[in-house]
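Shown next, in structure tokens, is the structure this report addresses.
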Amino acid sequence: MGVVTGPAGVLEEVGTRAGHVGSTGASGALTPGPILAQSGFALDPRTAETKGGDATDNVRPEPETRFWTPGFWRDLIDLVTLWKRKCLREGFITEDWDQPVADWKAFFFLCSLRRNLLRNPCAEEDMTSWQIDSNGGNQWRVESLPGDHGTDFPDSKVKKYFVTSFEMCLKSQLVDLKAEGYWDELLDTFRPEIEVKDWFAARADCGCTYHIRVHLVSDNYIVLASFEPPPVTIHQWNNAKWTEVSHTFSDYPPGVRHILFQHGGKDTQFWAGWYGPRITNSSIIISPKMTRDPAPSTAQPETMQGAGVVRLQGGAESLGNSQHDRHPGSSPREAKSTDASWAENPSDLTRPKHRF
């Protein structure tokens with residue numbers, strides 16, 4: 001089993017998040033540091049055997065220190081038992097874990113780094129961290145749940161959402177994976193699963209169209225893999241339920257260094273104000289790749305005509321009926337198409353506009 005290497009700062013950061021796993025040398029390879037003490041292992045350097053117990057029980061630094069060579073440390077750090085025990089101590093696995101793991105060391109680092117890579121996903125910081133790509137109609141706005149003619153979000157911790165207007169509104173984030181702690185070998189050799197999720201809902205009294213696209217992008221901004229389902233259109237007088245869209249990238253080409261996440265939409269009634277899709281709780285999460293097949297995409301968008309039903313994650317349903325008169329407090333506006341911004345060449349990312 002090879003040594004997982006990477007930039008020294010990256011591994012030091014991982015060590016800090018995981019409880020000071022170890023330290024790195026000038027080459028970027030992980031060196032033990034306090035890793036044995038954290039793992040509950042003690043080492044007898046004369047026999048190079050690990051023994052359970054206190055970290056100081058069997059360590060004899062003099063005169064046996066001549067045995068502590070770089071090659072010795074490399075072999076020690078590669079011990080499957082060591083990394084599996086670290087995963088257990090950090091709560092990444094349980095005692096009854098029965099899933100096969102190809103590389104416990106990579107598994108440990110990927111679990112240590114696992115978190116939502118999107119900033120401000122639930123609108124708690126207004127529009128902070130989002131790049132506004134299209135801001136049509138009355139522009140993007142943040143509102144509090146459940147909102148007028150809306151419903152509560154399934155997770156009570158989510159308090160706010162982004163809402164669009166009568167012309168196309170799109171916003172995005174470009175995630176720099178190196179800046180988030182993922183080094184090249186970890187991404188290219190192990191190619192962890194990348195799961196993206198988003199939640200959207202319509203107002204009960206107004207129809208809307210929702211868009212999402214996600215690109216895995218190389219260091220020079222070439223699109224290597226994409227998730228871009230057809231838009232979802234919900235007609236007026238629906239049940240305003242929240243719907244989850246999810247997709248897992250697996251076995252994608254090597255070279256992924258950025259993730260572009262973009263979503264948005266507009267209302268279908270062309271009313272002044274904020275009657276388009278409501279969006280919140282977006283996420284990008286990178287996880288260790290398991291031998292099991294990844295969950296299929298739950299996004300099967302379609303246009304809901306008449307009494308049509310769309311079912312996505314969680315069994316959410318959006319029912320559409322024939323068109324009704326507009327809401328008494330609204331004002332119709334003539335739509336000016338902004339779909340061109342959505343139809344741009346998805347690979348044309350040579351001049352990224354995203355600022356964080």
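Every condition in (1) more than 15 Å from Thr268 (Cβ to Cβ); (2) surrounded by fewer than 23 Cβ atoms within 10 Å (Cβ to Cβ) is met by Thr209 except one, and the failing one is (1).
Out of contact with any Pro (no Cβ under 6 Å at 6 or more places or on another chain) and open to solvent by 20 Å² or more (accessible area, probe 1.4 Å): is that true of Ser226 in this structure? When the stated conditions are applied, Ser226 passes them.
On the given criteria, is Ser165 surrounded by 21 or more Cβ atoms within 10 Å (Cβ to Cβ), part of a loop (DSSP other than H, G, I, E, B) and assigned by the TED database to the domain that holds Val245? Taking the combined requirement at face value, the residue satisfies it.
The values are calculated or read from the model by the stated rules, or taken from the named source; none is laboratory data. For clarity, every value in this text was computed on a predicted model and none was experimentally measured. Methodologically, a virtual Cβ is constructed for each residue, glycine included, from the backbone with ideal geometry; neighbour enumeration extends over all protein chains shown. Each accessible area value is taken on the protein alone, full model and side chains, heavy atoms only, with ligands, DNA and RNA left out. Shrake-Rupley method; radii C 1.70, N 1.55, O 1.52, S 1.80 Å.
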